[in-house]
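The values are calculated or read from the model by the stated rules, or taken from the named source; none is laboratory data. All values derive from a computational prediction rather than experimental measurement. Cβ placement follows ideal geometry from the backbone for every residue including glycine, while neighbour counts extend to all protein chains displayed. Calculation scope for accessible area: heavy atoms of the full protein, side chains included, ligands and nucleic acids excluded. Shrake-Rupley method; radii C 1.70, N 1.55, O 1.52, S 1.80 Å.
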Amino acid sequence: MAETTVPQQDRLQVQVHYGLTSAEFSVHSEKLLRATESQSDTATVEDVRAAVRQALEAPVDFPPLRQTLTPDDRLAIVVNEYFRPLPDLLVPLLEHVQQAGVSLERITLLCPPRIPGVAPPPWRDELPRALAQVRVEEHDPGDRARLAYLAGTQGGRRLYLNRTLVEADQIIVAGPAEYDPVLGYGGGLGDLFPNLADAPTRQEFLRRAVEDPPAQTGNPALREAEEVGWLIGVPFWLAAVPGPGDTVRAIFAGPAATIAPLVRRTLDSQSCYRFPWRAEVVVTAVSGDPRWHRFHDLTRALAAASRVVQQGGKIIALSQLGAETLGPAARQLGQFESPVAALTRARREQLADTQTVWHLAVAARRAHLYLFGNLPHELVENMFATALTSLQEVQRLLDHAESCIFLPDGHRANALVLGTMPATA
């Protein structure tokens, strides 16, 4: 996140957290554009596991989860692997369902498709030995044997979803609420559909990504995800609202359709930033343990920053990501003359990290990109960006800017512009 301290001679010290470290920059107070509405100052959850236990015992408009289960139930628990507090969600959740007599043998932790060549984060290593043997399944959208027909939607779509999901007696989603370029609001039912659908459906939805900011209503893709949720039986959602870095602001539990509005309002109160107008320079970052970050997070932060930067301005991103996080589409960026050309090829080849390149293309079309971190300079150049070798270079770019914005944790942020810069500004 970005923090400002008391002005000194009309200058502000702004601290930016990236990875597991931070940097401080000096900015003239008249150049800094602040969010017009301060974010809700909700404290982070100190003991996430205790908060999860409490939420499972008292869900929203629902009895304790364990009271709705029987020992014969087959459970599918859908997880978001790239969420640092995931083990703190899973341990109390697995202990809770075992209180209903459900054995680990009847539980499957279901993950969305992984990016080929990119190792998943080490969340399984943090499970206690007693829980580490639970079955984990990676969804394969191209394996027809692992898909099952669910129903037809009102729009005429024949739904083929992960077979383990369809055949489960109880579906639980454990993961964060987040913004999504297709659904607007991800997490919950969005973790089921289109994530766990067949390959053609997933590819179709990837093409429906939009640059417009998320909205609570009016998104046809989100409405279809909600319809699928009803058809499959309204899954239970153990939802976490992310805080700065690897922290959690709030924990909710209950039927996904019931708690979704509450979760989204809480997400907006924490991670939606409204600025008066666009700035010449936008500094964003990806903070938290880099082992849980993807290259996708970096390009998503760039795309979020592009919403509040002037056309032809500069976006500076700070992270501790390494080259090992790149998927197949990202690895071939150097073959193309523009991000749009790379995106066209990724879509044609239906590469798993196509959306990563879409985020990059959105940002590069609006601004000049600058990256500071651990990525090799040659790789940064392949991203159509300029590699910064020191934080002093970031400071110099800020010194020469007429206006600037700091967007903390851009990979989780929703950044909005309320108006245009006055002619006298």
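Observations, loosely collected:
- Among Asp268, Asp61, Asp353, residue whose mean-square fluctuation peaks in a GNM of the chain (springs only between Cα atoms under 10 Å): Asp61
- Two-site label geometry, Glu402 and Arg347: point separation in nm, points 7 Å out along Cα→Cβ: 3.4
- Dipole of the stretch 271-342, positive end: most advanced residue of Cys272, Ser306, Leu321 [Cβ charges, Cα centre]: Cys272
- Label zone at Ala50 (point 7 Å along Cα-to-Cβ), backbone N below 16 Å, the stretch 236-274: 248-251
- C-alpha center-to-center spacing [the stretch 112-146, the stretch 260-310] in angstrom: 27
- Percent carbon-and-sulfur accessible area, the stretch 215-338, ignoring ligands, DNA and RNA, probe 1.4 Å: 51
- Charge context of Leu318, other residues only, Cβ under 13 angstrom, K/R +1, D/E -1: -4
- Average projected area [Cα convex hull, the stretch 1-153], square nanometres: 15.2
- Candidates Thr164, Thr386, Thr153: whichever shows maximal mean-square fluctuation once the chain is modelled as a Gaussian network with Cα springs under 10 Å: Thr153
- The stretch 261-400, accessible area per residue, ligands and nucleic acids excluded (1.4 Å, Å²): 38
- Residue-span extension gain [Gln395 to Arg208] - 0.36 nm each, minus C-alpha spacing: 63.6 nm
- Take the Cα of Glu137, step 7 Å toward its Cβ, do the same at Arg157, and the gap between the two points is 2.1 nm.
- With contacts taken as Cα pairs under 8 Å at a separation of at least 6 residues, the stretch 266-350 carries a relative contact order of 30 percent.
- Cα long-axis angle, helix 256-271 against the chain (0 to 90 degrees, to the nearest 10): 20
- For the chain, averaging the sequence separation of C-alpha pairs within contact (under 8 Å, six or more residues apart) and dividing by the residue count gives a relative contact order of 19 percent.
- Approximate spin-label separation Asp73-Arg129, in nm, with each point projected 7 Å along Cα-to-Cβ: 3.0
- Sulfur and carbon atoms: percent of accessible area, the stretch 157-202 [1.4 Å]: 41
- Mean residue ellipticity, 222 nm, helices only, the chain: the sum of -39500 (n - 2.57) across DSSP H runs of n ≥ 4, divided by residue count and rounded to 500, is -8500 deg cm²/dmol.
- Portion, in percent, of the accessible area of the stretch 33-156 that falls on carbon or sulfur, probe 1.4 Å: 44
- Springs join every pair of Cα atoms under 10 Å in this Gaussian network model of the chain, and among Thr266, Thr258, Thr21 the largest mean-square fluctuation is at Thr21.
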